[in-house]
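The values are calculated or read from the model by the stated rules, or taken from the named source; none is laboratory data. Nothing here was measured: the structure is a model prediction, and the numbers come from that model. Every residue, glycine among them, receives a Cβ derived from its backbone with ideal geometry; neighbour counts consider all protein chains shown.
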Amino acid sequence: MKQNSIVLQECVDIRAVNELHANLLLALNGMDEIVLDSAGVARVDTAGLQLLVAFAREAQVRGLSVTLRAGSTALNEAVLASGMEAEMRSLTTLK
């Protein structure tokens, strides 16, 4: 099984989505599993969450597994505040 790990930066927000989007698209190619390491995430906004959900959906469509590892407090709080908890859980494995 081919695995690709992506370390999410400190800010997963509107300013970071273009670069993150490009990195996530690259991760979709030729992998079976993608691990998103969110340990260092300190700031998340709606644009960042939307990108992560869209990415997880696309990975699922392609038959890929997405694991969200080391959930940061900021990411967990943003997911809860946005009401996206059920969707994130259905699209990713949380570790």
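Is it the case that Val17 is surrounded by fewer than 16 Cβ atoms within 10 Å (Cβ to Cβ) and β-branched (Val, Ile, Thr)? If you could, list the steps in order and put the result at the bottom.
Values: surrounded by fewer than 16 Cβ atoms within 10 Å (Cβ to Cβ): no; β-branched (Val, Ile, Thr): yes.
So Val17 does not fit the description; no.
Can you tell which of Ala39, Ala54 is of a type in the set (A, V, I, L, M) and without any contact (Cβ under 8 Å) to a residue 24 or more places away in the chain?
Ala54
Identify the residue in the stretch 3-25 that is of a type in the set (A, V, I, L, M, F, W, C) and in a loop (DSSP other than H, G, I, E, B) and, among all such residues, is nearest to Leu68 (Cα to Cα). Break it down stepwise before answering.
Residues of the stretch 3-25 of a type in the set (A, V, I, L, M, F, W, C): 6-8, 11-12, 14, 16-17, 20, 22, 24-25.
Those still in the list that are in a loop (DSSP other than H, G, I, E, B) too: 8, 14, 16.
Working: Leu8: 10, Ile14: 20, Ala16: 18 Å.
Taking the candidates together, the pick is Leu8.
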Task: Subset of the stretch 73-86 [free of Cβ contacts under 8 Å to residues at least 40 places away in the same chain and surrounded by 16 or more Cβ atoms within 10 Å (Cβ to Cβ)] - done: Ala74, Asn76, Ala78, Val79, Ser82, Met84
Open item on the list: For the condition modelled with pLDDT under 90 and polar (S, T, N, Q), what is the one hit in Asn23, Asn4?
Closed with: Asn4
Task: Leading residue by the ranking (modelled with the lowest pLDDT) among those in the stretch 26-45 that are within 13 Å of Val66 (Cα to Cα) and in a strand (DSSP E or B) - done: Glu33
